[in-house]
Amino acid sequence: MKLVRKDLEKDNAGQVTLIPEEPEDMWHTYNLLQVGDSLRASTIRKVQTESSTGSVGSNRIRTTLTLCVETIDFDSQACQLRVKGTNIQENEYVKMGAYHTIELEPNRQFTLAKKQWDSVVLERIEQACDPAWSADVAAVVMQEGLAHVCLVTPSMTLTRAKVEVNIPRKRKGNCSQHDRALERFYEQVVQAIQRHINFEVVKCVLVASPGFVREQFCDYMFQQAVKTDNKLLLENRSKFLQVHSSSGHKYALKEALCDPSVTSRLSDTKAAGEVKALDDFYKMLQHEPDRAFYGLKHVEKANEAMAIDTLLISDELFRHQDVATRARYVKLVDSVRENMGTVRIFSSLHVSGEQLGQLTGVAAILRFPVAELSDQEDESSSEED
């Protein structure tokens, strides 16, 4: 993301002009936009024209509109963003108050104005404009006959290809059908890797599977690369890292990202940091439940006691339609930081973010046990009984 201009007042009202440069930036833009904001961008409008003879025609005209945002629609697979709202600035083609939908696209400038830019939104702009945040990871999660080729960006897990091949069982004295099908499967996975993984950007390719599938696949891939003199695969051989997973389904990617060898390799990527924080939370919940809280009320109480060491919060909560509720989450984040706690904002499109969403979207690892809160909960539940 390229920051063209930033004009903020003392009360944090103002506008920023940005240019999204890659698909990942469209996800950041989606998180910056909120209902009630003012969005100015170039768009195409169908305009009816009447000639001197009275015949009516229609032309598609490019114009710049300023909308008051009403609905925001994001397609995560295509990375397309459609923003619908009413026109709030004089325009020769569009009446004031008329509805229009702007499609935001990579490499097209837009200006976003807000009545108040909160700390979470400003931090997201900082991250989106910092190239260090786009350290990417690719993953191939596989089992016999099924593979998912994914891109793990700092904000989301994108499935780029799914390969399914029916593998017949081995039969006594005749394994040829099984072996041929397996070879066909491996070949399709290799093609998907070459088609969807940009080795100039990707630092590491995880190959995860149960059993020996990953070893057999990697042996096949590099033997074929030597035979066909495939320089792309041979030059990037060191980027492939084999790890265990329980299956070839997308959800098994979380296990692969938790592997210590992977964590050390990806220590500078946000994805690994999120997964480790969630893993630490679950361990704490199991062994010291008084130091692991989830749910907004409980986490706020722990914050009042200045007990939060790490706050885990989903970015989905900052897209809440109610301004007061959204402000409550922002206040919690600011307060934890003031108390020298760490804040990890999880992406709802990431595997780890989906899991956090199942725990209400907000959780905390505490510096010390806050037993009183657990006791209050027990007392209130016994009173209900």
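Here are some notes:
- Contact annotation: residue pairs with Cβ atoms under 6 Å, 6 or more positions apart or on different chains, pairing a residue in region 61-81 that is touching a residue at least 12 places away in the same chain (Cβ under 8 Å) with a partner that is in a strand (DSSP E or B) and among the aromatic types (Phe, Trp, Tyr), are Leu81/Phe74.
- Total residues in region 273-302 satisfying the condition of being crowded, with 22+ Cβ neighbours inside 10 Å and out of contact with any Phe, Trp or Tyr (no Cβ under 9 Å at 6 or more places or on another chain): the figure is 2.
- Residue count for region 11-41, restricted to those that are under 23 Å from Ser76 (Cβ atoms) and out of contact with any Pro (no Cβ under 9 Å at 6 or more places or on another chain): 11.
- Among the criteria (1) charged (D, E, K, R); (2) closer than 17 Å to Cys150 by Cα; (3) free of Cβ contacts under 8 Å to residues at least 24 places away in the same chain, the one Asp279 does not fulfil is (2).
- Top-ranked residue of region 48-93 - restricted to ones that are basic (Lys, Arg) and loosely packed, with under 13 Cβ neighbours inside 10 Å, ranked as modelled with the highest pLDDT: Arg62
- For region 338-369, filtering for residues that are surrounded by 14 or more Cβ atoms within 10 Å (Cβ to Cβ) and free of Cβ contacts under 8 Å to residues at least 24 places away in the same chain leaves 1.
The values are calculated or read from the model by the stated rules, or taken from the named source; none is laboratory data. All values reported here derive from a predicted model rather than from experimental measurement. Cβ: placed from backbone, ideal geometry, glycine included. Neighbour counts: every protein chain shown.
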